[in-house]
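The numbers here are math on the coordinates, done by the rules we state, and not lab data. As the structure is a prediction and not an experimental result, all values here were calculated from the model. Heads up, the Cβs are rebuilt from the backbone with ideal geometry, glycines too, and the neighbour counts pull from every protein chain shown.
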């Protein structure tokens with residue numbers, strides 16, 4: 001596999017791979033903004049799976065490029081899908097129409113529970129309602145004013161959240177894609193001067209049940225306080241799920 | 001695929017399959033306690049995946065039988081693994097040593113968040129701690145005495161919980177297998193006369209983050225109030241994950 005992006009997430013994924021903590025996966029290449037087009041093509045050709053951990057603009061470029069090469073791509077900057085009415089439009093068939101386009105995978109990122117929420121959504125979406133509260137420090141959200149208490153700075157659909165806060169809405173987009181879709185999942189962004197760790201609260205109500213989840217993540221110091229350390233591990237979990245043919249989070253027992 | 005068990009879970013899985021709500025899966029046979037050994041062998045041979053939705057005793061019999069036939073099995077009565085020091089011991093190689101034994105999958109069942117908890121556990125287990133609180137009505141737990149307030153009726157490892165409450169500990173076992181193992185996950189069972197819906201609370205603390213999740217499930221009336229309706233959908237989600245080669249809960253976009 002190849003990793004695009006040498007920031008907090010990409011660096012942590014590369015480190016986990018190099019330390020052998022993602023069984024069965026090995027790193028072909030780490031790509032970055034200085035990589036040449038030839039280097040990129042060679043790395044994609046030599047990989048089964050490419051991990052994108054950069055920006056929505058780079059994701060917009062790489063999703064068609066990787067899928068057209070017939071390779072799967074894990075998209076961390078999944079806010080890119082908010083720009084497209086149908087997220088699948090970014091998947092590109094091979095140029096000579098030979099072979100099958102690669103698939104796109106979206107990791108849970110800084111949150112979890114996509115397993116139960118996807119199952120409940122499959123049972124029925126009509127009466128289901130999902131709200132995702134992201135509670136961050138004003139600095140992490142780019143809020144300049146001096147706050148003494150928490151303040152709601154955004155409320156809207158996951159699509160609008162991703163367009164407004166492209167760097168901080170990836171978990172909202174993953175949750176929405178796994179459940180009710182980008183236009184039917186509600187996102188609330190709260191700036192709170194008291195928080196030291198980013199907090200995500202997910203509320204889901206449907207006839208099947210009521211689920212409330214709170215995720216308080218330690219921040220990766222390499223990210224300038226913007227990225228949760230769990231995010232890179234959610235990518236590792238997805239890589240292992242792809243290797244096992246099931247997962248992430250599915251318990252797989254094989255005769256050892 | 002074949003489904004063993006015609007109770008609340010098996011029946012709901014069969015219904016979802018028959019209604020075409022599990023894309024790509026079709027039902028070969030529904031097996032039950034009256035099925036003959038020949039019928040069982042034929043159904044296993046004709047299936048890719050067998051769903052066990054019966055009792056721990058039946059799971060003990062079927063896991064080796066299905067895996068020895070080289071077929072995968074989804075085990076709902078996963079409390080059976082508490083009886084074995086190494087859960088993998090139940091997986092049996094084909095008798096003539098031809099081919100590969102099937103794999104065992106455990107669905108999340110009545111809870112969720114196995115995605116984020118598995119990822120956090122893969123990052124490190126040493127300082128991680130998992131507690132699973134199951135809050136049920138006294139009747140559902142077989143507690144006879146008249147309670148006026150909630151009472152803790154068990155606190156111990158997931159292994160001991162499954163041995164003591166084999167019918168009501170499957171979610172505990174799934175959580176433990178996905179994270180810290182049967183002997184290192186703590187389970188607390190609470191009888192509460194006020195609850196009308198079963199409630200599960202999962203708390204996980206590790207250097208990566210603090211995760212608190214509450215799952216309040218509607219009960220499947222076909223189960224006599226013992227089984228959550230979400231459980232059958234977690235099996236469906238796992239079947240779709242196996243078909244997609246990734247999941248449950250992973251967002252997979254394929255060119256449509």
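Quick look at the numbers
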| quantity | calculated |
| --- | --- |
| Mean-position separation - Cα centroids, segment A:88-111 and segment A:6-73, in angstrom | 14 Å |
| Label point 7 Å beyond Cα along the C-beta direction, distances from residue B:21 to other copies (nm, shortest first) | 3.9 |
| Label point 7 Å beyond Cα along the C-beta direction, distances from residue A:32 to other copies (nm, shortest first) | 6.4 |
| Kirkwood Rh and Cα Rg combined as Rg over Rh, evaluated for segment A:114-216 | 1.00 |
| Equivalent ellipsoid semi-axes - Cα gyration tensor, segment B:160-207, angstrom | 20, 14, 9 |
| Principal-axis tilt of helix B:37-46 within chain B, Cα atoms, nearest 10 degrees | 80 degrees |
| Where N is the number of residues in segment B:30-96, Cα Rg divided by 2.2 N^0.38 Å | 1.05 |
| Between 0 and 90°, nearest 10: helix B:56-68 axis offset from chain B longest Cα axis | 40 degrees |
| Computed lengthening from residue A:197 to residue A:210, 0.36 nm per intervening residue step minus Cα-Cα distance | 2.1 nm |
| Rounded to 5, the percent of DSSP beta bridges in chain A classed as antiparallel | 55 percent |
| Ranked list, fewest to most other Cβ atoms within 10 Å of each Cβ, for A:105, B:133 | B:133, A:105 |
| Length-normalised contact order for chain A - Cα pairs under 8 Å, 6+ apart - percent | 19 percent |
| Hull shadow area, averaged, segment B:116-175 [alpha-carbon convex hull, nm²] | 5.0 nm² |
| On Cα atoms only, tilt of A:114-123 relative to the major axis of chain A in degrees | 80 degrees |
| Across the identical copies, how the residue B:127 labels are spaced - nm, sorted shortest first, 7 Å along Cα→Cβ | 4.5 |
| Value of relative contact order over segment A:114-216, rounded to a whole percent, pairs C-alpha under 8 Å and six or more apart | 42 percent |
| Bins of 5 Å, starting at 0 and running to the largest distance - Cα pair percent for chain A | 1, 6, 13, 17, 19, 17, 13, 8, 4, 1, 0, 0 |
| DSSP bridge pairs, the protein assembly as shown: antiparallel proportion in percent, nearest 5 | 60 percent |
| Cα-projected label distance for residue B:39 with residue A:151, points at 7 Å along beta-carbon direction, nm | 6.9 nm |
| Per-residue Cβ neighbour rank within 10 angstrom, fewest leading, B:27, B:90, B:239, A:31 | B:27, B:90, A:31, B:239 |
| Cα-only Debye scattering, the protein assembly as shown: base-10 log of I(q)/I(0) at q = 0.10, 0.13 Å⁻¹ | -0.76, -1.28 |
| Isotropically averaged projected area of segment B:1-141, using the convex hull of Cα atoms (one quarter of hull area), nm² | 11.1 nm² |
| The protein assembly as shown: calculated mean residue ellipticity at 222 nm from DSSP helix runs of at least 4, using -39500 (n - 2.57) | -9000 deg cm²/dmol |
